[in-house]
Amino acid sequence: MESIYCNLYKALKLYLFYILIVLIATPLAVYAFSFLIGNYLLGWSISFDFIFLNDISLILGSLLIILLFIKKGYTHVNKSCSMTAMASFDKGLLLWILILELSSILPINMLVAFLDFGDFATSTSDSALSIAAIVGTCLLAPFAEELVMRGGVEEYLLRWKQNAGLAIVLSSLLFGVLHLYPSMIVVAFLNGLLYGWVYYRSRNIVVCFLMHMINNVASCLADWQRPDDSTSLDILFQTRMIIITLFCVVFMVTSLVTIKKKTAQG
């Protein structure tokens, strides 16, 4: 009985460890350090820049996770994820994976906006484009999350039940819960399904990181380029955006079918 649930225990342990480091310990340390330095050493009356401190927390927490997970072997970064192996990775498969990611961004966001959780406009605008945000949100966080969620949690769940569908769905649910707003939980869950499926088909964390990075970069750029007097909902429900979304769905389905054929086992 112990051996049956050993991999489930490992998956949950890694997940909770990530929450402890990135969402609890690092933010508390950053805020406490800022308060002590500002008020007691520099004599300032600090007014916290929450967005900046959150970005710094994300950077430090993600770096710590990356270093710990790779150095201690907590995650499954195998030879297929090395730069040498990536150079020999099927370029056609990689192209279709990138097409899948690019074509999924609009449909996923359109679907969540249509479901109307009441917080979509707020959740997609609660950010500011800065160097810290780019480094944290677009580079380090995607890599850290893929190391944990796909290389760790999903991998152990795959070993637990030998059921790919269950492992992908459960790891995606856990991934979604990490996000703050209800609409973003759903967006993250749907993206997690794609990342999880691609990881299962390719067993390569690097391609999942590329997908995740592209999604976060697109989100940051969309928020940066949006006019001040408009919301995500205003833009998404324009006729031209709906038409573009329909074309994206076609590319998305085509990509899924092609990737499945290219990675067919046996």
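Since every read-out is calculated from the coordinates, none of them should be taken as a lab result. On a predicted model such as this, the values are computed, not experimentally measured, just so you know. No Cβ is skipped: glycine too gets one built from the backbone with ideal geometry, and neighbour counts run over all protein chains shown.
Laid out as a table, the results:
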quantity: Neighbour-count order for Lys260, Lys91, fewest beta carbons within 10 angstrom listed first; calculated: Lys91, Lys260
quantity: Table column - 3J(HN,Hα) (Hz), segment 67-73, Karplus curve with 6.51, -1.76, 1.60, x for Gly and Pro; calculated: 5, 5, 5, 7, 5, 8, x
quantity: Ascending count of other beta-carbon atoms within 10 Å, so fewest first, for Thr263, Thr254; calculated: Thr254, Thr263
quantity: FRET efficiency for Val257 and Val169, using Cβ-Cβ distance with R0 set to 30 Å, rounded to 0.05; calculated: 0.90
quantity: Residue-by-residue Karplus 3J(HN,Hα) for segment 88-102, coefficients 6.51, -1.76, 1.60, Hz, glycine and proline x; calculated: 9, 5, 3, 5, x, 5, 4, 4, 5, 5, 5, 5, 4, 5, 4
quantity: Loop chymotrypsin sites (Phe, Trp or Tyr not before Pro), segment 145-209 (other Cβ atoms within 10 Å of the site Cβ: 16 or fewer; DSSP); calculated: none
quantity: Over 31 Å (Cα to Cα) - which of Lys161/Lys261; Lys161/Lys260; Lys13/Lys262; Lys71/Lys91; Lys10/Lys91 fall in this group; calculated: Lys13/Lys262; Lys10/Lys91
quantity: FRET efficiency, 1/(1 + (r/R0)^6) with R0 22 Å, evaluated for Leu94 and Ile70 via beta carbons; calculated: 0.50
quantity: For segment 58-64, 3J(HN,Hα) per residue [Karplus equation, 6.51 cos²θ - 1.76 cosθ + 1.60, θ = phi - 60°, Hz, x = Gly/Pro]; calculated: 5, 4, 5, x, 5, 4, 4
quantity: Efficiency of FRET from Cβ geometry, Tyr9 and Ile37, R₀ 41 Å, rounded to 0.05; calculated: 0.55
quantity: Sorted by Cβ density within 10 Å, fewest first, the residues Arg159, Arg150, Arg201; calculated: Arg159, Arg201, Arg150
